[in-house]
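Notes follow once the structure below has been shown.
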Amino acid sequence: MGTREDMYGLFASVNKINLTDDQAGQSAEEGTHKKNISTSYDLQARMSRKGILWNWGYHDEQNAKEISTLIPGFLDYDTDGYSEELYFAALREVPFELGDYADKFVLEVGCGLGEGLNFLSRVVDAERMVGLDLSDEAVKRANASLGRTGLSYVQGDAENLPFEDGEVDVLVNIESAHNYPSLEKFLEEVSRVLKPGGYFTHVDLYTTQRHAFLKELQDKELGLEWLLDRDISAQVQAAIHGRLSPEGSFHKALREQRVGAIQRHMAKRVGPEAVGGSFAGYTDSGSTKLLKRMGVLPSQFMPPVDSYRLYVAKKI
Ligand SMILES: C[S@@+](CC[C@H](N)C(=O)[O-])C[C@H]1O[C@@H](n2cnc3c(N)ncnc32)[C@H](O)[C@@H]1O
């Protein structure tokens, strides 16, 4: 590990993720897959500065307005607000009133650096909030920079949650589940840890095949009643366009970073794909195509995504 090429190799292997199929039962591969995922996010955590979220974002005027009303000046921080908007859109669909969280336990699975859950702690005043992530390094950073009474972060696996049966009121899951080898195991765990009457809110990127697979799982007796399946591709694409515009946060961050010309050149070409560029219709430049043909860049950095979706389910 260490060189840029190693890193691309790692991402390429991570992105052979099962967006197209379920791999339940392929346990040897599952272990390697999870190791690759945690190594990749450990690395990203070490390179990330405070305040960073790791999702493609969401933008809708009404959604943004509602946040600004609840949290005046929320854009005054060093953020474009799109990733937080995605969290808000997910929580907003949970049928509990935002003012009704005083006795609630909110668990986020796949919390990354913890900033999304920290943002939600400004939206609702929950009794307890815990973020869980596979990446030890992300969890360490989250606890160091954001942990406090009522908000903490733990290392763990979405497919084997370290919580008691029926402990959780609201389980939040943002752009993380496409990494899990078995979506079914995860949903079983969601159902196990939720209280009856508790809610699961989930957003993720989907291929058509993966979406059909989730539909099959929804027909299984997992103890979840599915309340919402919404295609939010347009709002996610709006955020990606905003971020990748010349005045957007992607290019602003590149201008501010002290990196060499070659690194900057590479980041400009590869970075947009990592923040959802292909999904929003951005295509490779001539030099990127050449670097891919030469094997310097992986031929496919991100998997082909057909839609970005928001689901809500209730524990029966
Ligand atoms: C794209 S990031 C999203 C992070 C965060 N939700 C956000 O929006 O900023 C995906 C996260 O899922 C985590 N993850 C992947 N596989 C996991 C697993 N099996 N259990 C728990 N977390 C996992 C990764 O470590 C990473 O932090």
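The values are calculated or read from the model by the stated rules, or taken from the named source; none is laboratory data. From a predicted model like this one, the values you see are computed outputs, not experimental measurements. Virtual Cβ from ideal backbone geometry, glycine too; neighbours counted across all protein chains shown.
To keep it simple, each residue is scored yes or no on (1) touching an Asp or Glu at 6+ places or on another chain (Cβ under 8 Å); (2) of a type in the set (V, I, T); (3) over 16 Å from V305 (Cβ atoms); (4) away from the ligand (no atom under 16 Å from the Cβ).
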{"residue": "G166", "(1), (2), (3), (4)": "no, no, yes, yes"}
{"residue": "V170", "(1), (2), (3), (4)": "no, yes, yes, no"}
{"residue": "K185", "(1), (2), (3), (4)": "yes, no, yes, no"}
{"residue": "E189", "(1), (2), (3), (4)": "yes, no, yes, no"}
{"residue": "R192", "(1), (2), (3), (4)": "yes, no, yes, no"}
{"residue": "K195", "(1), (2), (3), (4)": "yes, no, yes, yes"}
{"residue": "A238", "(1), (2), (3), (4)": "yes, no, no, yes"}
{"residue": "G248", "(1), (2), (3), (4)": "yes, no, yes, yes"}
{"residue": "R264", "(1), (2), (3), (4)": "no, no, yes, yes"}
Given the condition without any contact (Cβ under 8 Å) to a residue 60 or more places away in the chain, of a type outside the set (V, I, T), closer than 19 Å to E175 by Cβ and surrounded by 17 or more Cβ atoms within 10 Å (Cβ to Cβ), answer yes or no: does some residue in the range 278-289 qualify?
yes
Here is a check on your reading of the model: is S176 more than 14 Å from the ligand (Cβ to nearest atom), small (G, A, S) and touching a residue at least 40 places away in the same chain (Cβ under 8 Å)?
no
Considering only the range 210-222, state which residues are assigned to a helix (DSSP H, G or I) and surrounded by 14 or more Cβ atoms within 10 Å (Cβ to Cβ).
R210, H211, F213, L214, L217, Q218
Yes or no: the range 117-136 includes at least one residue that is of a type in the set (V, I, T) and buried (at least 24 other Cβ atoms within 10 Å of the Cβ).
no
Of all residues in the range 33-84, count the ones that are in a loop (DSSP other than H, G, I, E, B), within 16 Å of the ligand (Cβ to nearest atom) and either under 20 Å from V109 (Cα atoms) or touching a residue at least 40 places away in the same chain (Cβ under 8 Å) (or both).
13
Just give me the residues in the range 107-163 being in contact (Cβ under 8 Å) with a residue 60 or more places away in the chain, near the ligand (Cβ under 7 Å from one of its atoms) and over 22 Å from A89 (Cα atoms), in sequence order.
L134, S135, A138, D157
Taking the range 70-116 on its own, how many of its residues are hydroxyl-bearing (S, T, Y) and modelled with pLDDT of 95 or more?
4
